Structure formats: structure tokens, C-alpha cells
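Visitor: Before anything else, here's the structure in question.
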Amino acid sequence: MADNASVEVAVSVGNQKLNKKASKSKNKDKGADSLKDGTVLKELSPWPEYINDRIKLWDRLKAEYDADVAAKTPESINITLPDGKVVEGQSWRTTPYKVAAGISQGLADATIIAKVNGAVWDLDRPLEGHCSLALLKFDDEDAQQVFWHSSAHMLGEAMERVYGGCLCYGPPIESGFYYDMFYDGKSVSSEDFSCLDSVVKGIMKEKQPFERLEMRKEDLLEMFKYNPFKLRILQEKVTTPTTTAYRCGPLIDLCRGPHVRHTGKVKAFVVTKNSSTYWEGKAEAESLQRIYGISFPDAKQLKEWQKFQEEAAKRDHRKIGRVSQ
């Protein structure tokens with residue numbers, strides 16, 4: 001476990017290194033290919049050492065949490081559905097997914113996320129008391145944001161496994177998601193997209209469960225000691241003794257959540273574009289690589305989205321042509 005003094009030193013040293021690397025990267029051609037020797041980009045083997053270090057700490061703390069939940073005495077609770085129907089359940093045992101499956105398996109499979117007392121809630125997270133429960137499908141705006149947030153984590157996992165950089169922020173946006181990464185003065189190329197897509201397809205097939213864990217700040221500082229950006233978030237943004245992190249496969253990240261049940265819920269995924277940006281949008285800060293993507297729970301929806309994008313591009317092309325004449 002890291003104490004505050006050691007963490008502050010780690011952040012200071014890390015920031016000094018990042019500043020030197022950032023100054024070099026700003027002088028490089030941002031459009032350069034990530035691999036200049038002509039080799040094909042592949043998944044790293046072995047993965048970065050920090051991945052296994054994170055998992056070891058997670059496994060220990062998750063086992064302690066699961067034991068605490070199992071030791072809780074369940075009590076009868078009433079779960080009120082949107083139509084007014086009341087379903088009986090048990091605190092710390094009944095989950096929104098179990099309620100959905102009790103209605104119909106089709107409903108359970110189509111549900112992206114739950115709302116408990118008006119707040120989005122993981123489908124596999126136990127209910128803690130009497131509550132109202134809504135089950136949201138992909139056509140709901142909140143469900144789309146959760147779906148794309150989970151997809152961002154899948155992209156982040158692929159980025160760590162391919163580049164080994166330091167992940168920063170990875171939020172959902174109006175249509176899709178992105179993830180920012182510090183890549184040690186290097187740049188991402190559109191030629192990398194097929195490799196990332198391939199890794200994500202494997203992640204989808206593995207149906208990696210999204211696990212939630214409330215962690216102490218000092219444990220998180222130890223877990224992310226390799227990443228100065230996560231340390232900054234913890235020191236500057238997290239003002240409570242504990243906060244939540246989520247895991248899917250080898251990826252563990254600071255996150256409020258919630259998320260889809262597992263990575264197999266994503267049926268269609270594609271990396272769409274990349275760009276350069278700065279840490280928290282500050283021009284004097286480190287230069288980062290940003291990768292965008294889009295995903296859907298049905299491959300047909302991705303094809304429809306791609307067709308719409310193509311038609312929109314043609315319309316813009318015609319507009320530009322008329323203006324230039």
C-alpha cells in the first residue's frame with residue numbers, strides 16, 4: 001500500500017518524465033505512422049507488467065468484498081416496476097437481471113441497464129432495499145450512453161494490449177465513444193484500426209463480465225502508481241475515502257459505472273477515427289492520442305449507421321462542390 005508521500009513523489013517524477021516526453025512529441029509529425037519500419041502492428045506479447053500487478057490487487061480485494069456481501073443477512077424487499085406491479089425479492093441477493101429473467105428471458109437478454117430509484121444500476125449488482133426498478137433497452141438514451149461507455153472500456157483494453165500506453169479518459173459521447181492515451185511521444189495511425197478491431201472482436205467473444213468494486217483511495221493509488229494521469233485524477237478529483245473501479249478482462253479502470261453485463265452484449269464494433277489532443281484540453285499539457293469508435297447490440301444497426309454516414313458524406317461533398325463553383 002502506498003502512503004501519501006510516496007505517491008506524491010511518484011506523481012512528481014512521473015510528471016517530469018511526461019513533460020520531457022510531451023515536449024518531444026509536440027515536435028514530431030502528428031500524421032506519421034505509428035510503425036515506421038514497415039512492420040505490422042500486433043498485440044503485445046507479453047502484456048505490460050502493470051496489467052498483472054493490477055489484477056493481483058483486484059482479485060484480493062474483490063474476494064474480500066464478495067465475502068462481505070455473502071455474510072450479509074438478506075431481508076425481504078418490495079421491488080416496484082413501472083406498471084405498478086410489485087415483485088418480492090431479497091436484499092443483497094436479488095439483482096435487476098434476476099427480476100428481468102423472472103418476467104421473461106427475452107426481456108432479460110434485451111435489457112442493457114437498470115434504473116433503481118431513478119439512478120442507473122448494473123444488472124448484476126444486488127439490490128439493497130425496497131426500490132423502484134426500470135429495465136432499459138438500447139432505444140433509451142441512458143442505455144445508449146451506458147452501452148457506449150462499456151464499449152469505451154473494451155477499446156481501452158485493446159489499446160493497452162496493443163500499445164501499452166497510459167490510458168486517460170474514455171467517455172461515451174453523443175454517438176459513440178473515445179479513449180485518450182499517452183503514448184510516449186508516438187502517434188496512432190488509421191492503419192492500426194484493423195488490429196484494434198481484431199482484438200476487440202476477441203474481447204466480444206470472451207464475454208468478459210463487467211465487475212464493480214468500491215475501493216479505498218489508498219488502494220487505488222497503489223493500483224495505478226504506473227500511470228501519472230490516473231494518479232492526478234485520484235488526487236485532484238476524488239475527494240471521498242472510497243470510489244468505484246470496474247474490470248472487464250485484464251482492464252481495470254477508475255469509473256462510476258454502471259456497465260453492461262459482459263462484453264458479449266456488444267455485437268458490432270468498429271474504430272472510426274483518431275486524432276491528437278491535450279490532457280484535459282490544455283495546450284500546455286501533454287499531447288495525447290485519441291481513438292474514436294461506435295458500437296451496437298446488433299450488426300444490422302452498425303450497417304445502417306455506416307450507410308447513414310456515407311450518405312451524409314456525399315451530401316457534404318455536393319455542398320462543397322456547389323460552393324466552389
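The values are calculated or read from the model by the stated rules, or taken from the named source; none is laboratory data. Predicted, not measured: the structure shown is a model, and the values here were computed from it. A quick note on method: Cβ atoms are made from the backbone with ideal geometry, for glycine too, and the neighbour counts reach across all protein chains shown. With ligands, DNA and RNA removed, areas are computed over all heavy atoms of the protein, side chains included. Shrake-Rupley method; radii C 1.70, N 1.55, O 1.52, S 1.80 Å.
Results for (1) open to solvent by 20 Å² or more (accessible area, probe 1.4 Å); (2) over 19 Å from residue 209 (Cα atoms); (3) among the acidic types (Asp, Glu); (4) touching an Asp or Glu at 6+ places or on another chain (Cβ under 6 Å), shown as yes or no for each residue.
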residue: 74; (1), (2), (3), (4): yes, yes, no, no
residue: 84; (1), (2), (3), (4): yes, yes, no, no
residue: 87; (1), (2), (3), (4): yes, yes, no, no
residue: 93; (1), (2), (3), (4): yes, no, no, no
residue: 98; (1), (2), (3), (4): yes, no, no, no
residue: 104; (1), (2), (3), (4): yes, yes, no, no
residue: 116; (1), (2), (3), (4): no, yes, no, no
residue: 125; (1), (2), (3), (4): yes, no, no, no
residue: 128; (1), (2), (3), (4): yes, yes, yes, no
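Visitor: Name the one entry in 111, 95 that is within 24 Å of the chain's Cα centre (by Cα) and farther than 30 Å from residue 223 by Cα.
Guide: On the way: 95 fails: farther than 30 Å from residue 223 by Cα.
The conditions single out 111.
Visitor: Next up: Within segment 242-297, which residues are surrounded by fewer than 19 Cβ atoms within 10 Å (Cβ to Cβ), of a type in the set (D, E, K, R) and in a helix (DSSP H, G or I)?
Guide: 280
Visitor: Of all the residues that make up segment 155-179, how many are open to solvent by less than 10 Å² (accessible area, probe 1.4 Å) and in contact with a Leu (Cβ under 8 Å, 6 or more places away or on another chain)?
Guide: 10
Visitor: Tell me which residues, restricted to segment 108-139, are closer than 20 Å to residue 90 by Cα and assigned to a loop (DSSP other than H, G, I, E, B).
Guide: Kept after step one, since they are closer than 20 Å to residue 90 by Cα, are these residues of segment 108-139: 108, 113-135.
Listed by number, the residues that qualify are 117, 118, 122, 123, 124, 125, 126, 127, 128, 129, 130.
Visitor: Which ones in segment 187-201 are over 16 Å from the mean Cα position of the chain (by Cα) and either surrounded by fewer than 18 Cβ atoms within 10 Å (Cβ to Cβ) or not in a loop (DSSP other than H, G, I, E, B) (or both)?
Guide: Taking segment 187-201 as the starting set, the residues that turn out to be over 16 Å from the mean Cα position of the chain (by Cα) are 187-195, 198.
Matches in segment 187-201: 189, 190, 191, 192, 193, 194, 195, 198.
Visitor: Something else about it: What number of residues within segment 75-94 satisfy the criterion of being in a loop (DSSP other than H, G, I, E, B), free of Cβ contacts under 8 Å to residues at least 40 places away in the same chain and closer than 12 Å to residue 131 by Cβ?
Guide: 2
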